[in-house]
Amino acid sequence: MNDSQSYLIALAGNPNCGKTTLFNAITGARQHVGNYPGITVEKKEGYCNVNGRQLRFVDLPGTYSLTAYSLEELVARNVLVMEKPRVAVNIIDASNLERNLYLTIQLFEMGIPVVIALNMVDVAEGRGIEINADELSRKIGVPVTKMVARSGRGKDELLEETLALAEKNPEWSPLNISYGSDIDPVLTEMESDIIAAKFLTDLYPPRWTALKYLESDEEIIKKGAAADGGLSAKLEKTVARVTDHLRKTLDTYPEAVIADHRYGFISALLKSGVVRRKHETDRLYLSDKIDQFLTHRFLGPVVMCLILYGLYYFAFTYSKIPTDLLKSAIASFSGFVEGSLPPGPLRSLVVSGVINGVGGILGFVPIILFMFLGIAFLEDSGYLARAAFMLDRVFRIFGLHGSSFMAYVVGGGIAGGCGVPGVMATRTLRSPKERIATILTVPFMNCGAKLPVFALLIAAFFAEHEARIMFIITVLSWGTALVISKVLRSTILRGPTSPFLLELPPYRLPTLRGLVIHTTERAWLYLRKAGTTILGISIILWALMNFPQFPNERKEAFEAQRLRIASVLTEEQRAAVLAEAKSGDALPPELAAIRSQILAVDHAEAQATLRYSIAGRIGTGLEHLTQFCGFDWRTNVALLGGFAAKEVIVSTLGTAYSLGRVESEESLTLSEHLARDPSWNPLVGFALIVFCMLYSPCFVAVACIVKEAGSWKWGVFSILFNTAVAFLLAILIYQGGRILGIGV
Amino acid sequence: MPVVPLRKMAKGQKGVIHKVNASGELGRRIRDMGLVPGTPFQVQGRAPLKDPVAIRVRDFTLSLRNSEADYIEVEVEEIL
C-alpha cells in the first residue's frame, strides 16, 4: 500500500490517560519504536487497516499542555505542525475530564481536526460520573466516542470516526475563544500584524502565534526573531505593554489570564447536561484508600522496601528453572561443537569466542525477563509515582528531584533497567543542573547488563543469600548515587531546584498485553545487543587474548618440562596417565602425583599464553593499581571488555578461564570455577561487584550522556570520575575486609 | 473568607484557589495542572516526611512540594 492510500493520525493525550493502552489495542504488534531525529524522545508508530484504508498512527508523548515547557511538549507540538497529520485522536480520561480537556482546547487552538476518544468510561461510571457524549460532541463540534481501551470497547467506532474525518480532510480551523477584555483586543491587533507580514504563517495559524507570544513561549519567539526580527520585536513590545498593564491592574500575567480563560471555557462547556454526578465529589475512591496505606507515614516506606525485596525474590525464584535449562542447553551445544571441530584456532574462536561469549549472556535472559516484567507491573500500576512522591523529600536533600527516582529506576534502581533509557528519562527534569546530576549518577544503578556479572559472582560466593545480597547491592548503589549527586550539586553543579508537581494516577491493574509488549520490547533490545555488539566484542576480545601467538621457544620450554617429569615413567604408565584424562579412572597414587605435576605445567603454560597476549599485557600492567582491591590481570581484562557492555565482563571471564582451563578437568561452570580458584574469595567477589556497579558506563551509555548533557566533556567526565569512585570504594572494601578478616 | 497559603492547610481540609503568585515555569506548570483561581480542592495527605503534599483537585490527585504550595493562596472556611 503506498502513502497516498494511508492517512497519518496523531494520538494525543495526557500522561496516564490510557494512551499507550489504546495505541497497543489499535496497532497490536504492527508497531515500531524509534527516536525522533536528533533527540531521544521515543517515537512510536504503528498502523491498522480500517475498511481497506490504512491508518498510520504516531503516538505523541503524553503531555498536559502544548507549551514549550518540556521536550515532550515541544515534540508533540512539532509533529502536529511539521508532519501535519490528517486527524488528531485526542484520548481523554473520562474520570478526569476538566484537566484532560485543557490539552484538547490547545489542540483546538492549533486547529487540527480532532476526534475525541472518551476513555475509561467504566471507571468514570464506577465513580458515579456519567458523561453525555452526544451533548459533549455537539458543544465542542467534534466527534466523541465513548470507549474502554483496556477491553477494546468502542475501538471500532473510534477508528471509523477517525477514518471518516480523515477522508473528509477538513481544513485546519483554529478555535477562537475569548481570553478576556485585556487580552482579546491585543490578540486581534497582533494577529492582523502577523497576517500582513505573513509572519510564520507557513507553519502556524496567525492567532496561535500571537497567543504564544503572549504566553512568552521561548521556541516560537526564537523562531519569530529569526524569521522577522523587526516584527518579532514589535510583538514582544506589545506583550510587554499588556504584561505591565496586567501586573499593575490585576497583579497577574498574560499567560495566567489565558489559562484561566481556557479553564473557564471548559467549565462553560461542561456546565449543562454533559456531566452528571451521582455522588458527592469528595467521596474516597478505592485508589485513595490504597494510598492511605501505601503512602502512610510509617507503613509506606516499610511497604516500599518489601515491594523492592519481593521483586527480587519473584525474579530470582521464578527464573531459576528456565535459567538452568538454558545454561545446560548451551553447555551441551558447546560440547557438541567442541567434539565435532578439529582442534585449532577455528575451534578456539567458535567455542571460546562465540559460544561461551554469547551463551553466557543468553543464560541470563530469563532473569532479565522476570525483572522487566516486575518493573513494568510497578510502572503500569501507578506505584512508581507514589514512590517518587514519598522519596522527593529525600531526593531534594541530595540536590535531586522526585522524578530523578524514575530515571534511577529505569536505569536500574530496581535492578534490571538500562542506563541508556535511564539517562533519557532524565529529560522530564527541567533544571539543567538537576538533570546533569541525575544523568551522571544514573549509571551507578544496576542495569540489566550488570545483572549477569552479579548473578555470576553471587552464584560463586553467595549462593545461599541471593536475594539478600541483591538487596544490599541495591541499597549500596542508591547510596553511592545519592551521595555523589550531593557532592556534584554542591560543587560543580550548584544551583536552585525545579518544580515538582506530579500527578498520582489512580491505581490500575496493568493489562496483560501492556506488560507483555513492555517486557518483550526490552528483552528484545537486550537480545539484539547480545547478538550484535556483544558478539563483535567477544570476537575482538578473543583475538586480543590469542594474539600475538605464544613464541615457539617458550612453548618448547614447557614441553621440555613435561618431558622431564614424564621421563621417570615407563611407556605403559605414560599411556595410563594420558588415558586417565579421558576415562577418569583412578590412578595409583604415585602416577596421580606425576599426573598433577604435568597438569600444573599445562596450567602455567595456558596462563603464560594468555598473559603474553595483548589483553594479558594490558591487564598485567594494571595489576600495579588493581592489586589494592584484589583484582588480578584476568579480572582487569574482563573489566576492560566491560566498557563495551557490562555483560562482556562475564563472557570475558569465561573466555579467560576456558583458555586457562586444563583439558582433563571436568567441565565446570564459570561460577564454580571462580568459587574453587584460590585467587578468589568472597571478599574479592564483593569488591568486584561494587567495582562493576560503579565504574565507567558502557560506551553506549556514554554516547547517550554526551547527547543528553549536551557536551562530550560530560561523557569523558563520567568515564574518569565514575571509575575513580569505583576504584576508591573497591579498595576501601577490600582493604577493610582484610583488616577485619571478613570474607577472606 | 480567610486566605492562607496552601502549605498551612491541614489534611482533609477543603479550600478554593484564590491566587497563584508564581510566574514563569512554575506558574505555567501549576496552571497546566488545573490550579487556577476559583478551583475547589481538598488536601488529601502528605508524604511520610511531611512534604510533598497531595491534593484532590478536578477529580485527580496532584502532589506538590511545600515550597511550591507557598505560592498558592487558598480561601478556606476557617483557619485550622
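Bear in mind that the values in this text are calculations on the coordinates, not laboratory data. Please read these numbers as outputs of a predicted model, since none were measured by experiment. A quick note on method: Cβ atoms are made from the backbone with ideal geometry, for glycine too, and the neighbour counts reach across all protein chains shown.
Kindly state, to the nearest 0.05, the FRET efficiency for A:Arg574 paired with A:Phe336, given R0 = 30 Å and r defined as their beta-carbon distance.
Details: r = 30 Å, r/R0 = 1.00.
Rounded to the nearest 0.05, the efficiency is 0.50.
For the stretch A:309-328 and the stretch A:54-91, compute the distance between their C-alpha centroids and round to whole Å.
Their Cα centres are 40 Å away from one another.
Give me the inter-chain shielding for A:95-108: mean count of other chain Cβ atoms within 10 Å, whole number please.
On the way: counts 2, 5, 2, 6, 9, 4, 2, 6, 1, 0, 0, 1, 0, 0.
Mean inter-chain Cβ contacts per residue within 10 Å come to 3.
Could you grab the Rg to Rh ratio for the stretch A:356-475? Cα atoms only, Kirkwood for Rh. Mind showing how you got there, number by number?
Numbers: Rg = 15.1 Å, Rh = 15.0 Å.
Result: Rg/Rh = 1.01.
Largest first and in whole Å, give the semi-axes of the stretch B:1-77's equivalent ellipsoid, each being the square root of 5 times a Cα gyration tensor eigenvalue. Please list the in-between numbers first.
Numbers: eigenvalues 52, 43, 28 Å².
Semi-axes, largest first: 16, 15, 12 Å.
Which of the trypsin sites (Lys or Arg not before Pro) found in the stretch A:418-507 are in a DSSP loop and have at most 15 neighbouring Cβ atoms, other than their own, within 10 Å? Each step should come with its number before you reach the end.
Working: sites: A:Arg427, A:Arg430, A:Lys433, A:Arg435, A:Lys450, A:Arg468, A:Lys486, A:Arg489, A:Arg494; in loops: A:Arg430, A:Arg494.
Here the sparse-neighbourhood loop sites are A:Arg494.
Measuring from label point to label point, each 7 Å out along Cα→Cβ, what is the A:Ile565 to A:Val81 span in nm?
The modelled label-to-label distance comes out at 7.7 nm.
Looking only at other chains, what is the average number of their beta-carbon atoms within 10 angstrom of each beta-carbon in A:597-607? Numbers along the way, then the final one.
On the way: counts 0, 0, 0, 0, 0, 0, 0, 0, 0, 0, 0.
The shielding value for this peptide is 0.
Would you tell me the mean number of C-beta atoms belonging to other protein chains that fall within 10 Å of each C-beta in B:19-31, as a whole number? If you can, show how the numbers build up before the last one.
On the way: counts 3, 5, 3, 3, 7, 4, 7, 5, 6, 12, 10, 4, 12.
That works out to 6 on average.
Just need the relative contact order of the stretch A:28-132 here, percent rounded to a whole number, with Cα pairs under 8 Å and 6+ apart.
Here the relative contact order equals 18 percent.
For the protein assembly as shown, what's the radius of gyration and Dmax over Cα atoms, in angstrom?
31.7, 112
Which order do the peptides A:608-621, A:128-141 take when ranked by the mean count of other beta-carbon atoms within 10 Å per residue, highest first? Walk me through the numbers before you get to the answer.
Numbers: A:608-621: 18.7, A:128-141: 16.4.
Taking the mean over residues of other Cβ atoms within 10 Å, the ranking is A:608-621, A:128-141.
What list of ³J(HN,Hα) couplings, whole Hz, do you get for the stretch A:316-327 from phi and the Karplus terms 6.51, -1.76, 1.60, once you set θ to phi - 60° and write x for glycine and proline?
For the stretch A:316-327, the Karplus-derived couplings read 6, 5, 7, 8, 4, 5, x, 4, 4, 4, 5, 5 Hz, x marking Gly and Pro.
Roughly what would the spin-label model give for A:Leu71 and A:Cys305, points 7 Å off Cα along C-beta, in nm?
Result for the modelled spin labels: 3.5 nm.
Based on C-alpha coordinates, I'd like the Rg and Dmax of the stretch A:291-398, in Å.
21.6, 68
Only helical DSSP H runs with n ≥ 4 go in: add -39500 (n - 2.57) per run for chain A, normalise by residue count and round the 222 nm mean residue ellipticity to 500 deg cm²/dmol. Intermediate values should be presented prior to the final figure.
Working: 34 runs with 465 residues, N = 744.
Computed mean residue ellipticity for chain A: -20000 deg cm²/dmol.
Residues with amide H under 5 Å of A:Glu503's amide H, sequence separation 5 or more or different chain, H placed in the peptide plane at 1.01 Å from N; which?
B:Ser63
Net charge near A:Gly111, counting Lys/Arg +1 and Asp/Glu -1 over other residues with Cβ under 12 Å of its Cβ? Before the final figure, lay out the partial values.
Numbers: positive: A:Lys84, A:Arg207; negative: A:Glu109, A:Glu171.
Combined, the nearby Lys, Arg, Asp and Glu give 0.
Can you order the peptides A:82-95, A:238-251 by their average number of other Cβ atoms within 10 Å per residue, highest first? Please list the in-between numbers first.
Values: A:82-95: 22.3, A:238-251: 13.6.
The peptides rank, most packed first, as A:82-95, A:238-251.
For the pair A:Val350 and A:Phe298, how long in nm is the line joining their label points, each one 7 Å along Cα→Cβ?
Placing both labels 7 Å along Cα→Cβ, they lie 6.6 nm apart.
Sorted by mean Cβ packing within 10 Å, highest first, what order do the peptides A:347-356, A:254-263 take? The partial results should precede the final answer.
Working: A:347-356: 20.0, A:254-263: 21.8.
Result, highest mean Cβ count within 10 Å first: A:254-263, A:347-356.
Hey, what did chain A get for relative contact order, percent, Cα under 8 Å, at least 6 apart?
For chain A, the relative contact order is 10 percent.
Calculated FRET efficiency, A:Lys168 and A:Leu512, Cβ-Cβ r, R0 22 Å, to nearest 0.05? Please list the in-between numbers first.
On the way: r = 37 Å, r/R0 = 1.66.
Approximately 0.05, to the nearest 0.05.
Please state, to two decimals, what the Cα-based radius of gyration of the stretch A:39-193 comes to when divided by 2.2 N^0.38 Å (N = residues).
Numbers: Rg = 16.6 Å, N = 155, 2.2 N^0.38 = 15.0 Å.
After normalising by residue count via 2.2 N^0.38 Å, the value is 1.11.
Could you list A:Ile375, A:Ile742 so that the one with the fewest beta carbons within 10 Å of its beta carbon is first and the one with the most is last?
Values: A:Ile375 25, A:Ile742 12.
Fewest-to-most Cβ neighbours within 10 Å comes out as A:Ile742, A:Ile375.
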